[in-house]
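Undergrad: Below is a structure I'd like to ask you about.
Please treat every number below as a calculation from the coordinates, not as lab data. Remember, predicted model here, so these are calculated numbers, not experimental data. Note: ideal-geometry Cβ built from the backbone for every residue, glycine included; neighbour counts use all protein chains shown.
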Amino acid sequence: MFLTKLKRVVVSGYRNFTRSGFTSVASILIMTITLFVITSLIFIQAGLNSSLNNIKDKVDVTVYFLPDADEASIDSVKEALEKLPEVKEVSYTSQEEALVEFKEKHSNDYLTLQALDELDENPLGASLNIKAKDPSQYESISKYFESDSSLSRGALTVIDKIDYHQNKIVIDRLTSIIKGAQRLGFVVSLILILISLLITFNTIRLIIYMSREEINVMKLVGAGGRYIRGPFVVSGVLVGIVASVLTTIIFIPVSIWLGNQMTDFIGINLYTYYKANFFQLFIIMLGSGVAIGAISSVFAIHRYLRK
Amino acid sequence: MIYFNKVTKKYKNNTSLEDISISITRGEFVAIVGHSGAGKTTLTKLILAEEAPTDGSVYFESIDIHKLTPKDLTKLRRKIGVVFQDFRLLPNKTTYENIAFAMEAIGKDDKEIERDVPHVLELVDLTSKASHFPHQLSGGEKQRLAIARAIITQPDIIIADEPTGNLDPINTVEVVNLLKKINDLGTTVILTTHNRAVLDQVKKRVITLENGRVVRDDKDGKYMLS
C-alpha cells in the first residue's frame, strides 16, 4: 500500500507540474535566479580567495646578511626559520645571485655599474626571503630575530637588516584589507542568499495559495494531510531539479566569458574552475534546489492543512 | 444518524441558521428546500465540518463532528459523499482522475479503481469525456462528474447541494432517479433544491427552511414555499 501511495503521489505531483504550465515556468525561473545567485557567490568567493592569495604571495620579508657572513651561519638561520610553524617558505639568494640581480636591475645605469666594477669585492650580502603562511604572521617572524634565544649569538651578528619595518605599513594595510574583504564577502553572500530564499519561498507560497480551494476540496473528499501534501512537495522538488539543470547550463557560457575577461584580474580562470569543480557545483545546485523546493512547499501548505 | 442540536450559524452580523434541531435517521431520503439564502448550503457545510457552528452542535451517530481531531475528521469525511453546488472539481485532473482521486484518497487499491471508475463513468454518461479536464466540460457534465465522484466511494451518506441546478429536465429526472436508487440500496441521501419538479418526483421527507429557521418538516413532501 505504501508503494502504491508513493507512486500515486509522485504521478500526481508530476502531472500537477506539467499541467500547471505558466505557474511551473514562473517558479522554475525564480528558483533558477536563486540558484544562480548561490552559484555566483561560490564563484565570487573562489575569485576573491584566489586574488587575495595573489596579493598575499607578493608580501614577504627579507633578511639581509652582512657581505662577510659565512654560509654555515646563514644555513643555520635558514634551518631555524624553516622550523617555525608560521613560515611557509624560505628561499636563499647567494651573494653572486644578488650581484647578478643588481646588475640586471641597473643595466641602464652606467655610473652605478662602473662604481661597482671599481670595487674588488662583492659589496652585496646574501639574503633569505621568507614567506609566511598568513600575512599577519610576519610580525611574529620578525620578532623572532629580535628576541629569540634559539638563534645563536653568532647567527645574529651576521644579519645586516630585516626589511620588515619598512614593509610593516603595507603589510598591515593589506592584512586588514584581506580580512575586511573576506568578512564583507561572507556577509554580502549571506544577505543575498537570504533574500533569494525568501523570494523563492514566497513564490511557492503564492502558487500553493492559488491552489487553496483545490486543497480544501481534497480535504472534503476525505484525503489525508500527507496525501494532499505529497504531490505539492513532488512538484517543488521537480522545480528544483529543472532549475538546477538550467542553472548548470547557463553557467557554461557565463564561465567561458568570465574566463576570457577576468582571468588576469582575479588570477584564476573561472571556466577552468567550473570544469574542475563541475560535479560538486552541480550537486550543490541540485541539493539546494531540491531542498528549497521541498521545504518551501511543506511550509507553505502547512497552514491550509491545519484546520 | 445525523443530529442537529439547537444549531446557530452566524457570518459576522448575518444569521444564516438559527436554532436548528433536526434528526436524520439512517437510510432516509431528506430534501431540504428553501429560497436561496435560506441556509441550505450552510447546513450541508456544517455536516462536513467545513464550517463550525456559532452555537449548538452537530452529531454524526454519537460523535460531535466539530470536536474531532483533523485525523478523525478525515475518516468521517470518507463516509460522506458530497455533490457541491459549485461542483468543486479538481481543475488539474481529468474526469477520470477526479473520480479516481476520491477512491485513492480513501485508500482503495488500483484494481478496484480500474474496475469501478469506468462503471460509474458509464452510469453518469461521461465515458466519452474521461480524459477531458473540468474546464472542457459543460455545466451539466460537471454536475454529473460531481455526482460520480460522490457516489464512487459508496459512502454512508450522500449530501447533494442543488445537484440538478444546471441540468435540463430530462437529466434532472435521471439524476433524481439515480439518487433514489442509491437510497434504495441503503445510503442516506440529503438533497437540497428549490426545484418543485424534483420534490414531486421524490415524494419523501421535506424540510423547509426560511430565513435560517425550519418552518416545516413533512414526512412526505410537497413543495410548500410561498
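Undergrad: If contacts are Cα pairs under 8 angstrom and at least 6 residues apart, what is the relative contact order of region B:140-213 in percent? Show your work: numbers first, answer last.
TA: Numbers: 54 pairs, mean separation 25.1, N = 74.
Reported relative contact order: 34 percent.
Undergrad: Now a separate question. Please compute, for peptide A:223-233, the average count of beta-carbon atoms on other protein chains lying within 10 Å of each residue's beta-carbon.
TA: Values: counts 9, 8, 3, 0, 6, 2, 0, 0, 1, 0, 0.
Mean inter-chain Cβ contacts per residue within 10 Å come to 3.
Undergrad: Helix A:71-83: angle to the longest alpha-carbon principal axis of chain A, degrees 0 to 90, nearest 10?
TA: The angle comes out at about 20 degrees.
Undergrad: Follow-up. What ranking, highest mean first, results for peptides A:185-191, B:36-42, A:219-225 when packing means the other Cβ atoms within 10 Å averaged over each residue? Could the numbers behind the result be given before it?
TA: Details: A:185-191: 12.7, B:36-42: 19.3, A:219-225: 21.7.
Result, highest mean Cβ count within 10 Å first: A:219-225, B:36-42, A:185-191.
Undergrad: Amide H of B:R205: which non-local residues (sequence gap of 5 or more, or other chain) have their own amide H closer than 5 Å, using H built in the peptide plane?
TA: B:F29, B:A31, B:G221
Undergrad: So for the protein assembly as shown: antiparallel DSSP bridges make up what percent, rounded to the nearest 5? Please report the intermediate quantities before stating the final value.
TA: Values: 33 of 51 bridges.
Counting DSSP beta bridges with both partners in the protein assembly as shown, the antiparallel share is about 65 percent.
Undergrad: Convert each backbone phi in region B:128-135 into a coupling constant with the Karplus relation 6.51 cos²θ - 1.76 cosθ + 1.60 (shift: θ = phi - 60°), then list the ³J(HN,Hα) values in order as whole Hz, x for Gly and Pro.
TA: Karplus-based 3J(HN,Hα) across region B:128-135 equals 6, 10, 4, 9, 7, 8, x, 5 Hz.
Undergrad: Quick one: compute the contact order of chain A, relative version, from alpha carbon pairs under 8 angstrom and 6+ residues apart, as a percent. Walk me through the numbers on the way to the answer.
TA: Details: 331 pairs, mean separation 92.9, N = 307.
It comes to 30 percent, rounded to a whole number.
Undergrad: Further question on the same structure: As a check on your grasp of the helix formula, calculate [θ] at 222 nm for chain A: sum -39500 (n - 2.57) over DSSP H runs of n ≥ 4, divide by the residue count, round to the nearest 500. Don't jump to the answer; show the numbers that get you there.
TA: Values: 12 runs with 238 residues, N = 307.
So the helix-based figure for chain A works out to -26500 deg cm²/dmol.
Undergrad: Shifting gears a bit: Going through the DSSP H helices of chain B, which span 18 Å or more along their own axis at the Cα atoms while scoring at least -1.0 as a mean Kyte-Doolittle hydropathy? Working shown, then result.
TA: On the way: long enough: B:110-123 (20 Å, -0.73); B:139-152 (20 Å, 0.14); B:169-184 (22 Å, 0.10).
Those that pass (Cα extent of 18 Å or more, hydropathy at least -1.0) are B:110-123, B:139-152, B:169-184.
Undergrad: Amide H of B:T54: which non-local residues (sequence gap of 5 or more, or other chain) have their own amide H closer than 5 Å, using H built in the peptide plane?
TA: B:T8, B:K9, B:K10
Undergrad: What is the log10 of I(q)/I(0) for the protein assembly as shown, computed with the Debye formula using one identical point scatterer on each Cα and no solvent, at q = 0.06, 0.07 Å⁻¹?
TA: So the normalised log intensities work out to -0.53, -0.61.
Undergrad: In addition: Across the Cα atoms of region A:113-257, what radius of gyration and what greatest pairwise Cα-Cα distance (Dmax) are found, in Å?
TA: Answer for region A:113-257, Rg first and Dmax second: 32.6, 106 Å.
Undergrad: Per-residue HN-Hα couplings for region A:253-259, Karplus 6.51 cos²θ - 1.76 cosθ + 1.60 at θ = phi - 60°, whole Hz, x for Gly and Pro?
TA: x, 4, 6, 4, 4, 4, x
Undergrad: Averaged over A:15-27, how many beta carbons belonging to a partner chain fall within 10 Å of each residue's beta carbon? Before the final figure, lay out each step's value.
TA: Values: counts 4, 3, 1, 1, 5, 2, 0, 0, 0, 0, 0, 0, 0.
Mean inter-chain Cβ contacts per residue within 10 Å come to 1.
Undergrad: When a/c reaches 1.5 or more, the comparison of a/b and b/c decides; with that in mind, is region B:31-164 rounded, prolate or oblate per its Cα gyration tensor? Kindly include the intermediate steps, with their values, before the conclusion.
TA: Details: a/c = 2.36, a/b = 1.43, b/c = 1.65.
Taking the square roots of the gyration eigenvalues as a ≥ b ≥ c, region B:31-164 is oblate.
Undergrad: Now, a different point. Of B:K142/B:K181; B:K10/B:K180; A:K78/A:K179; B:K6/B:K40; B:K111/B:K180, which sit over 23 Å apart, Cα to Cα? Kindly include the intermediate steps, with their values, before the conclusion.
TA: Values: B:K142/B:K181 21 Å; B:K10/B:K180 33 Å; A:K78/A:K179 29 Å; B:K6/B:K40 16 Å; B:K111/B:K180 28 Å.
Result: B:K10/B:K180; A:K78/A:K179; B:K111/B:K180 exceed 23 Å.
Undergrad: With a cut-off of 8 Å between alpha carbons and a minimum separation of six or more residues, what is the relative contact order of chain B in percent?
TA: After rounding, I find 28 percent.
Undergrad: For region A:265-273, take each phi angle, set θ = phi - 60°, evaluate the Karplus expression 6.51 cos²θ - 1.76 cosθ + 1.60, and give the result in whole Hz per residue in order, putting x for glycine and proline.
TA: Coupling constants for region A:265-273: 5, 9, x, 10, 8, 5, 5, 4, 4 Hz.
Undergrad: Among DSSP beta bridges whose residues both lie in region B:2-218, state the antiparallel percentage, nearest 5. Could you put the intermediate results ahead of the total?
TA: Values: 20 of 38 bridges.
Roughly 55 percent of the beta bridges in region B:2-218 run antiparallel, per DSSP.
Undergrad: Tell me which aspartates and glutamates have Cα within less than 16 Å of A:K5's Cα, excluding those fewer than 8 residues away on the same chain?
TA: B:E97, B:E104, B:D109, B:D110, B:E112, B:E114
Undergrad: Here's a follow-up. Could you work out the mean projected area of the convex hull around the alpha carbons of region A:67-157, in square nanometres to one decimal?
TA: On the way: hull surface 28.0 nm².
For region A:67-157, the mean projected area of the Cα convex hull comes to 7.0 nm².
Undergrad: I would also like to ask the following. Modelling each spin label as a point 7 Å along the Cα-to-Cβ direction, I'd like the A:L192/A:N260 distance in nm, to one decimal.
TA: For the pair A:L192/A:N260, the computed spacing is 2.3 nm.
Undergrad: A further question on this structure: For A:S176, A:S20, which order do you get if you count the other beta carbons within 10 Å of each Cβ and list the fewest first? Kindly include the intermediate steps, with their values, before the conclusion.
TA: Working: A:S176 12, A:S20 18.
Fewest-to-most Cβ neighbours within 10 Å comes out as A:S176, A:S20.
Undergrad: Right, something else. For region B:22-69, what Kirkwood radius comes out of the mean inverse Cα-Cα distance, in Å?
TA: Radius from the Kirkwood sum: 12.0 Å.
Undergrad: So, by mean Cβ neighbours within 10 angstrom, what's the order for A:102-114, B:81-93 with the highest one leading? Show your work: numbers first, answer last.
TA: Values: A:102-114: 11.1, B:81-93: 21.0.
Those peptides, ordered most packed to least, come out B:81-93, A:102-114.
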